[in-house]
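Take a look at the structure set out below.
The numbers here are math on the coordinates, done by the rules we state, and not lab data. Given the structure is predicted, the values throughout are model-derived calculations rather than measurements. Virtual Cβ from ideal backbone geometry, glycine too; neighbours counted across all protein chains shown.
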Amino acid sequence: MIKIINAFFLSLACSITVQAAQIELGTIDVEAKVDTEVIKDVRGEDIKSADLAEALFKQSPSVGLSRRSGIANDVFVRGQRRDNINVTIDGSKVYGACPNRMDPPISHIATNNVDYIEINEGPYNVEDFGVLSADIKIYTIKPTEEFQGDVNIGFGSWGYKKGSFSASGALTAKVRLLITASAETGEQYEDGDGNDFAGQIQREINEGKALPPFQYQDRYNDMDAFTKETVMAKLFWDIADNHELRLSYTGNRSDDILYPSSKMDALYDDSDIFNAEYIAKNLSTYSKELDIQLYQSEVEHPMSTVYRKVSLDDPLNPGNPNEMTHKLDTRMQGANIKNSFDLDNHMITTGIDYSLRNWDGGYSKNSTPHKVPISIDDVDTENIAFFMKDTITLDQLVLDLGLRYDDTAITPGNNMKKPQTERDYRELNGYVFGTYHVDTTTKYFAGFGKSSRVPDAKELYWVSMKNTPIGTETLENTINYEFDIGAEKQFDNATLKAKIFYSMLDDYIAYNDTFAKNPTMGQYENIDATIYGFELSGTYIATASLYFDYGMAYQRGEKKDPLTGQTGTDMPEIPPLKVNLAANYDWGESLAFRAEVFGASDWSNIDVENGEQEIDAYAVLNLRGTKRFGRHIELVVGVDNVFDSTYAVSNTYKDLILMPTGPNDTVMLMNEPGRYLYANLKYTF
């Protein structure tokens, strides 16, 4: 099967490329890609924290939220999370250090630094490593030629405070500079029942769903949920008319981040992202744009039980402290070169992509090495890939083709007593995506693609504090074969976009809780599965002042066969039907209002054998008003969750190590924030 599909991609790409070279250029504007969702409004108008995951969850029906804390949360796209979706920041691939997803990639950029975000669903990206089911491309703000900037001050419920500023402008005729910084802090939020983090844990203890030793100590019951500081600097240098050098640095420093549904909290989470990009345009007939990029990201993340009661007394040695710390760091280094040019009716891009990720971690007890000192053993994941893209315009039909060949080696440090096995993976991926422009207002599109991702060091090699394997060294890489089809229509006063997808996953990496009860084997296994669903979105302009936007998304996932020792076939982490609705009213140029409702149906199709539980349906109303005073001052006030509802959006799949189970063998379900009032004042200069 794999050989046939690989041959199909090669032959199709070659035949279409040869034949289409003889056809005249079409007249259809193809700038806007129909398979891409662009989200712009995440910078600062209604932000209650720098948490980009929560901002995306509110904006897009296809994005789900994995709630862990008041900040640094994770996202789903089409029921996929972790390494199944790819995240880049200005082209740099970023990973978190925590195997328990306390610091997902999307958490390493603050919302106030974001210009816009592209969400590309499906396997239709060959430029980046590991795009299995979707990728999220985050683009940050750029330096401007004219001197300008802004200062923001924000306040909200539960002691939330934030300040940020940005300044940008030209230093010389050829050099532009941008500097931004922000600082924020927030107390433990309360759910609709009035429970803060400690209160939610106590509720679970009272219901027999959590163990008392993992409650916060009395002296930490009221501590803040997080503090976060960020800085970003960019320098753009126009070396010549068609040569540009871009340098950037992004730093994040987060301290004392509480994760109430987990065993541990983060002492700090530090990240540094360095990026250098050289762009040369119109070098020759066969080089319309040459792009060379080098980047490095570093993340350091120690998590500890220091704030929990369990750290006060060692059950194996009563009367002695039992403070456990798991410290990890990861470094990602990458380079890519790509060259694009036009040839008749082709727009061709070729390139080389290289990356090297190192991941290392270990345990300590009371600040000294634990008897099991290593968790992830200095693992290197090295990938080199060659890719090619071709956009072919055939009158009203536009064809996008892509091919990528990956060669990946994963090498553990082998500092443990029991050697771990090196793994090698090679894969040819690609896609065909066509868009037919019926006229200037109607498009039909369809695509088929194959993509893959390799298992990470957690899934292969992670060892617990009890010296039992969590990772499974024999895992194969996951392959996604996917079909997408849809339509997009523009009316005089409305837009409509609909699409459906069907994804066939070979060797999907699934967590098996049955294996977790066997200390001699890893907790992951490969399975075959399918995920399918639909998405609907659009806008409606009622009057010159009143307009609406809407969206809904539904997915369903099924395993081909149950996991070993289990009977269920429902896929994990597949959210139920989700709907986003919003009404916007502009009262002149200086006053605007927005009312938005988002909600979901009951989450009842669950992987109960691996820790998920049923979650009730919910609907939440948010209100926001914006007032502009002249050209420089803007005030935003709002209230989220107007009716103070108690609800949850994140399930409890046990591939995350959550709050230890009580007698009922259930996992703590974390509620969303209750009614939240906020105000933000911005001065622009």
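Quick notes on this one:
- Gap separating the Cα centres of segment 188-262 and segment 414-485, nearest whole Å: 28
- Backbone HN-Hα couplings from phi across segment 396-405 [Karplus 6.51/-1.76/1.60, Hz, Gly and Pro as x]: 8, 9, 10, 10, 10, 10, x, 9, 8, 10
- Across segment 2-684, Cα pairs under 8 Å and at least six residues apart give a relative contact order of 12 percent.
- Going by neighbour counts of Cβ atoms within 10 Å, the residues ASP407, ASP241 line up, fewest first, as ASP241, ASP407.
- Membrane-span-like helices of the chain, defined as complete DSSP H segments with a Cα extent of 24 Å or more along the helix axis and a mean Kyte hydropathy of at least 0.0, are identified as 2-20.
- As a proxy for reagent exposure, THR172, THR411 were ordered by neighbouring Cβ count within 10 angstrom, fewest first; the result is THR172, THR411.
- Cα gyration tensor, segment 489-573 - rounded (a/c under 1.5), prolate or oblate: prolate
- Cα gyration tensor category, rounded, prolate or oblate, for segment 168-207 with a/c compared to 1.5: prolate
- Residue pairs exceeding 19 angstrom between C-alpha atoms, taken from LYS281/LYS338; LYS93/LYS499; LYS174/LYS234; LYS40/LYS228; LYS162/LYS234; LYS497/LYS578: LYS93/LYS499; LYS40/LYS228; LYS162/LYS234.
- Label selected from (i) 89, 63, 61; (ii) 81, 63, 50; (iii) 86, 59, 56, the criterion being Cα extents along the principal axes in Å as computed here: (ii)
- Pairs beyond 22 Å (Cα-Cα), from LYS58/LYS142; LYS209/LYS517; LYS137/LYS389; LYS137/LYS450: LYS58/LYS142
- Here segment 2-684 carries DSSP beta bridges of which approximately 100% are antiparallel, counting only pairs with both residues inside.
- Cα gyration tensor shape of segment 101-199, rounded if a/c is under 1.5, else prolate or oblate by comparing a/b with b/c: oblate
- Most to least packed among 608-618, 381-391 [average Cβ atoms within 10 Å]: 381-391, 608-618
- Working note: Karplus 6.51/-1.76/1.60 with θ = phi - 60° gives segment 213-221 the couplings x, 9, 6, 5, 4, 3, 6, 10, 4 Hz, where Gly and Pro are set to x.
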